[in-house]
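The values are calculated or read from the model by the stated rules, or taken from the named source; none is laboratory data. Just so you know, these numbers come straight off a predicted model, no measurement behind them. Glycine gets a Cβ as well: all are built from the backbone with ideal geometry, and neighbour counts include every protein chain shown.
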Amino acid sequence: MRLPSRTPRTNTFQRKRGGQGKKMDTVEKDGVIDRWVKKHLVLYTGATRHPFILSIRDGTIDFSSFKRWLGQDYIFVREFVPFTASALLKASKNSDDNSDMEVILSGLASLNDEISWFKQEAANWDVPLSDVVVHKSNQNYCRFLESLMLPAVEYSVVFTALWAIETVYQESFSHCLEDGSKTPPELLESCKRWGSEGFGEFCRSLKKVANRCLEKAPDEELKKAEMTFLRVLELEIEFWDMSHGGP
Ligand SMILES: Cc1ncc(CO)c(N)n1
């Protein structure tokens, strides 16, 4: 999703740790999401610091991997649109906060730009989007998105997935823009799409909504949302593996 200006990533998780233990009133209480990120940090780091991303950041990436990612991600994003629309539908029915709808709507608007961007970028890299063969990992991920679109899937679960899906990209691509990274100039535009501060802000809005819903969720729903978070991380890792040319 498009957003201007690149700013080094600030990670709330790190920020909080640094400030802990002093004045109690300045210590933010972790929300459910932060607690899960800490609890599942190995898997989370696996998704946000994958070798594919590290190879962009250190400049060693093979452009054929990037092109594979580009073609596959275009397919994924086309499936992500109806998924986001299903979240919008649930927000309009279930949400007790009107601003949820606006958060999702801004996500949908960016997806509109994103699809045009993919088409342009694919043309620049000579990746024919009309005959991309959908890879197994991508199929699995798209099927998972479909399962989350069912009306019975709770709003908190959907929002947890939405937050996780966007945040993995934000954390990954912002890492390629930090000082000291050697990202090839040809890939900077792609990294800025998800790695920019503006997209980071969007992810923080998603996180706030997810936390608010999860605070009120009954135990069983909370368990489902946590499993969904973990499944997203696994699917993201498999998506990077596929792009990187792995299993
Ligand atoms: C696989 C994947 N995960 C997350 C995003 C973020 O939109 C994306 N474009 N593709």
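I'm checking my understanding of the structure. Among residues of segment 40-83 that are of a type in the set (Phe, Trp, Tyr) and touching a Phe, Trp or Tyr at 6+ places or on another chain (Cβ under 9 Å), which one is nearest to Tyr141 (Cα to Cα)?
Going through the qualifying residues, I end up with Phe76.
Restricting the search to segment 112-137, which residues are part of a helix (DSSP H, G or I) and polar (S, T, N, Q)?
Asn112, Ser116, Gln120, Asn124, Ser137
For segment 69-111, enumerate the residues that are at pLDDT below 95 and either within 26 Å of Pro185 (Cα to Cα) or not in a helix (DSSP H, G or I) (or both).
Within segment 69-111, Ser95, Asp96, Asp97, Asn98, Ser110 qualify.
If Pro4 satisfies all but one of (1) modelled with pLDDT of 95 or more; (2) within 21 Å of the chain's Cα centre (by Cα); (3) loosely packed, with under 13 Cβ neighbours inside 10 Å; (4) under 25 Å from Gln120 (Cα atoms), what's the number of the condition it fails?
With (1) modelled with pLDDT of 95 or more; (2) within 21 Å of the chain's Cα centre (by Cα); (3) loosely packed, with under 13 Cβ neighbours inside 10 Å; (4) under 25 Å from Gln120 (Cα atoms) applied to Pro4, the lone miss is (1).
Conditions (1) surrounded by fewer than 20 Cβ atoms within 10 Å (Cβ to Cβ); (2) under 16 Å from the mean Cα position of the chain (by Cα); (3) under 21 Å from Thr84 (Cβ atoms), marked per residue:
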| site | (1), (2), (3) |
| --- | --- |
| Met149 | yes, no, yes |
| Leu177 | no, no, no |
| Gly180 | yes, no, no |
| Lys224 | yes, no, yes |
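Under 8 Å by Cβ, and 6 or more places apart or on different chains, what pairs join a residue from segment 157-182 that is within 14 Å of the ligand (Cβ to nearest atom) with one that is aromatic (Phe, Trp, Tyr) and not in a helix (DSSP H, G or I)?
The qualifying pairs do not exist here.
Need the failing condition index for Glu171 against (1) of a type in the set (D, E, K, R); (2) farther than 23 Å from Lys93 by Cβ; (3) surrounded by fewer than 21 Cβ atoms within 10 Å (Cβ to Cβ), just the number.
Result: Glu171 passes all but (3).
Which one of Lys207, Lys224, Lys192 is basic (Lys, Arg), in a helix (DSSP H, G or I), farther than 30 Å from Ala152 by Cα and modelled with pLDDT of 95 or more?
Just one listed residue meets the conditions, Lys192.
Tell me yes or no: at least one residue of segment 192-205 is within 16 Å of the ligand (Cβ to nearest atom) and touching a Gly at 6+ places or on another chain (Cβ under 8 Å).
Yes, segment 192-205 has at least one match.
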